Structures are given as C-alpha cells and as structure tokens.
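Each remark here refers to the structure printed beneath this line.
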Amino acid sequence: MDNNNTGYFGGVANGVISTDVNTNYVHHVPVENRIDGGDSSEPGPSDICIRDRIVTYDTDTQAVDIDVVAADDRTIKTPITELDIFLAGILVTDAINARHGYFKHGENELRLYYLYHHWILRWIIYFFIAIILSLALFEYPAATDVMLPYWSTMMLELVCIAAFIGRLVHSKLFTSGVIWWSDWKNLTVIIAIALTFVDMVLYIVFTENGIYMVRWSRLFRPLYLINITHNRQMRRAFRNIRRTLPDICVVLILYLLLVALFALMALKMFENRNLKHRSGEPYMSDYWDNYYALYIYVTTANSPDVMMPAYDHNYWFCLFFIAYLIICYYIFMSVILAVIYNNYRKHLKTEVKKSVFQRRRLLSKAFNILKVKINGCFVCTMGHFQAIMKHVCPKASPDRINLLWNVLDELDNKYIKKKEFLKLYDLLNVPLLEEKDQKTFLERTVPSFYLSRPSLFIQRMVVHKAFHWVFDALIIINAVFIAFSIEESEWFFLTIFSIEIFLKLYTMGHKEFFRRAWNM
C-alpha cells in the first residue's frame, strides 16, 4: 500500500489487517474514516464514523489496497455521483498515460488536476522550455551578429521562469504537501530557479562594474526539460543509465587496469631503445603518455601510427600491439558492451513491471469507485462504464464505446468484474477505425459525386501499384535530369508531381495523405 493512501483515499486509519502469505485475499475491516478527506488537523466528534472497508492484499506485489468506497454501501440501485465518475475517469486516464495518480480528491483539486494535464498548457510549457534553451544562442559569448543585450535575454529568461513557477504552484494546489515536497522533480526545478536568480544578480553586479563573468546557470537549463511532468521516458532513460553504471564499474575498472598493465609493459620495452616519433619526440618514454596513447589505440583513432616507430625498429614488436588489440578491443570491449546491455535491459524490465503495476493500481482504484454489488460480487455496470468513457475518450462515438463494452462483457451479463475491467488499458491501446473516420471530406459532403463511376475509376487507378511504379520511375528520371542540369524539364516534372499530390489528396483525404511520411 502506498504511504500516501491516508491523505488521498478518505483518510483511512487504525485498520487491522490479517495476513495470509499463501493466497490473495479480501477482508472487510472496520476502520475510522474521516469524512473531511483526511485533513491532518484533529477531527471533531462529527468527523469520524465507523464503516466497513475492503482491504485487498496481493501476494505477488505485496501491495495492500484499501477500497475507497464502503463495501456494503453501494448496490445497483444506489446512484453514483458525477464527482465519482469524474474521479474514476481521471484514474483511468492516468493509467493510460502512465501517470502516478497522486492528487487530492476534492472537486476543485480534481478540476485543477484535469486542467494541469490539458494539452494546451502542456504545449505552452514546452514553448517556454524551447525559449529558455535557445537563449544560449543569443547570449555572450555568442556570435556578434546575433548576440543580444544581456538585459533582453534576462527578461525572456524571467518570463520563462515565471511560467515554470506557475506550473509548480499549479501542481501544489492539487497535491498533498508531503507528496509535493518529496518529489525530486519539484525540488530540482526549485533549486535550478534559485541558482538562476543568484547567477543573474552576480552577473548584473559584475558586468556593470566591468568584470568579465560567464552565466554558469546555463548548465541547469536542461533540467527544466528533464524534470517536466510529461517527460517520463527521458527520466526513465536517465534512471536506467544511473542504475546501470554501478553494475559496469567492476568491468570498466578491470579494463582500465589492463590498459595500465600494457602501458607499463610498453614503457619497459621501449624506454631504453631511444626510439623517436616522426616529429622527433621520444617514443613510449613516459608512462602516462603511454597510457593515453594505448587508451586511444582501443578506438583505433591513432592506428597504426602508435606502433610504427617500434615496427620500424623490429617488426616482431607488432605482436605486442596485436595482442593488445585482441585483448582490449575485441574481447574486453565486447564484454563491456554485453554487461551494459544486459544490465540496462534488466533495469528496463524493472521499470516496465513498475509501470504495469502502477496502471493496474489505478484501474483497480477506478473500479472500486464504480463497483456495485450484484449477487454477492462487486462489478461495474454498463451505465457506469459508459459514463467514465465519456471522460476518458470524449471524442469516441457511442458505437465505439459499445464495442469496447462488448469485448469486455463476453457473457453479455450487462456488467463486468474487476478482472475484465483491468483489461481496459490493453483494449484502449488497440487502434480502431470507425467508418466515419475512413470517409474523406468529399465522401461525407458530396457522396453522389465522390462515389460516381468516373470518381471510383480515378480512385482505383491511384491505389493501384502501377500508379506508384510510374511515379517512382519519374522521380528517378527527374534525378537524372537534375544531375545533367537539364533545367527545361523542371516545369514538366513540377506539373506531373502536382497532379500526383492532387490525385492522392482526392483519393485518400487529407488525414491519410499527411499521415504517410513518404507524401511529406
């Protein structure tokens, strides 16, 4: 069970849980429930009531989940509130988008959380990140023709920082204080902003007094991109790299020690032979120069120059460098690559397992909000399912929602159990095309013209393989004409390719046309 369930799911406290290590189980447990949503202040006599809650323990993940709705409170005749539907829809959406789902469950907090993840606000914050990352192109010591006064770039930077602060404040409004302050993403952004303000003040003071100074806070600007809420894949990659590094340190240290051994051998073999480089410098007479040269030799960047003085002196010395390449390059580099790959894959699997468990946890909580008791079993009815799907897929048609329901409700019971409800994430990832989505604009507006015999003939011609072969051949011919600088043919090919674009747009429609990368 998450440590934060008390603050987020009804303030459950003082529950007694019996354990069974062999099987998964569900128990009814009397607990104290705060009606006010789990505020940290001391509750009054009217704030506490004793109710039955369902406590579920999963032996595979060792997770304990406390139901957010009293077990025996809701039946099929009990109406569900719009706020519960909204909350369940947000939880399902979070499961689909791999979000953590930690937020307060008040009505205002839910609406703030929903607004926080709106695509408009998300792209606005990306816009400000792009601006603050591009400021380095216009700041000193940038090229003179594009460099801007420091006060102008600082003003832009302050606007971007104000947007980041607003984003932080927005997230604080719907997140519990303990959770918000324990999130390293928020702390990292706060520290970066604080150091940026310090750097600005120092830069202004030093610059106005004629003292040269570099804006060192530029180093922290990529942190805004990494720690933005929606860049989970980037943070996951950094976490996997960080966790992989300790595992490869042993092999890497062994490799560096082997290079050190060969550097020592080279020193003892060549230091007294008075060999010279072509530049006249002594050859292999300094240990650290030997180490650096052999380290570079693994990349073959200085091959065969590094061994030529020794080879010119005695060609049998090439065996030393051949042995070094076989051991350090062909063997150890392969071992290091295998260790990196295996450990990165192991940590990536762990991340995927956590992500899957997180999705199941959120879907379970959404089910617990929607469930009703029918024939002694907790199920989700068709009406509740259709209600949350309006929040999860607002653009989906009723036919599509009914199709999803029919896939989950295989027995046509008009309800689904938790096992079927947890398949919702996988089902929503299956691409579905409705008939109306496949119709082009002309087919919807003027079907009699678009579906006429001449129009259908043009459409069959465009989708035929011969049509693509002809224009592929024309592309090759056009390249030949360009190579021989035959400029008179430009208008011919421009006209032909324009006709091709028009015919494809007419046949496919604009959505399908621009979806294909080749057309772009």
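Table for the structure above
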item	result
Rg [Å, one decimal], Dmax [Å, integer] - the range 374-520, C-alpha atoms	24.1, 82
Alpha-carbon Rg with Dmax, taken over the range 308-429, Å	29.3, 93
Simple spin-label estimate for Cys377 and Ser279 in nanometres, 7 Å along Cα-Cβ	8.0 nm
Förster radius 51 Å - calculated FRET efficiency between Val214 and Leu337, Cβ distance, rounded to 0.05	0.85
Apportionment of accessible area to carbon and sulfur, the range 368-520, percent (1.4 Å)	64 percent
Label zone at Glu351 (point 7 Å along Cα-to-Cβ), backbone N below 16 Å, the range 107-132	none
Spin-label model distance (nm) - Asp399 vs Asp145, 7 Å beyond Cα toward Cβ	5.9 nm
Full-extension gain in nm, Leu256 to Lys268, via 0.36 nm per residue minus C-alpha separation	2.5 nm
The range 125-236 - Kirkwood radius from inverse mean 1/r over Cα pairs (Å)	15.1 Å
FRET efficiency estimate (nearest 0.05) - Cβ-Cβ, Phe238 to Asn314, R0 41 angstrom	0.25
Ranking by accessible area, most exposed first, for Val407, Val463 with a 1.4 Å probe	Val463, Val407
Residues of the range 289-419: accessible area per residue with a 1.4 Å probe, Å²	56 Å²
Options Thr495, Val470, Leu505, ranked by Cα towards positive dipole end of the range 454-517, top entry (Cβ charges)	Leu505
Bins of 5 Å, starting at 0 and running to the largest distance - Cα pair percent for the range 74-153	3, 12, 15, 13, 11, 9, 7, 7, 8, 6, 4, 2, 2, 2, 0
Largest-first ordering by accessible area, 1.4 Å probe, given options Leu158, Leu187	Leu158, Leu187
Area of Asp399 that stays accessible when all protein chains are in place (1.4 Å probe, Å², to 10)	120 Å²
Calculated FRET efficiency for the pair Ser489/His464, C-beta based, R₀ 30 Å, to 0.05	0.70
With all protein chains modelled, accessible area of Trp180 [1.4 Å, Å²]	20 Å²
Dipole in debye (nearest 20) - the range 450-520, about Cα centre, beta carbon charges: Lys, Arg +1; Asp, Glu -1	580 debye
Descending semi-axes in Å of the range 248-381, equivalent ellipsoid built from Cα gyration tensor	62, 11, 11
With DNA, RNA and ligands ignored, accessible area of Arg360 (1.4 Å probe; Å², nearest 10)	120 Å²
Cubic angstrom per residue, convex hull over Cα atoms of the range 232-302	107 Å³
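The values are calculated or read from the model by the stated rules, or taken from the named source; none is laboratory data. Only a predicted model underlies this, so the values are computations on that prediction, with no experimental measurement involved. Cβ coordinates were reconstructed from backbone atoms using ideal geometry, including for glycine residues, and neighbour counts include every protein chain displayed. Heavy atoms of the whole protein, side chains included, go into the accessibility calculation; ligands, DNA and RNA do not. Shrake-Rupley method; radii C 1.70, N 1.55, O 1.52, S 1.80 Å.
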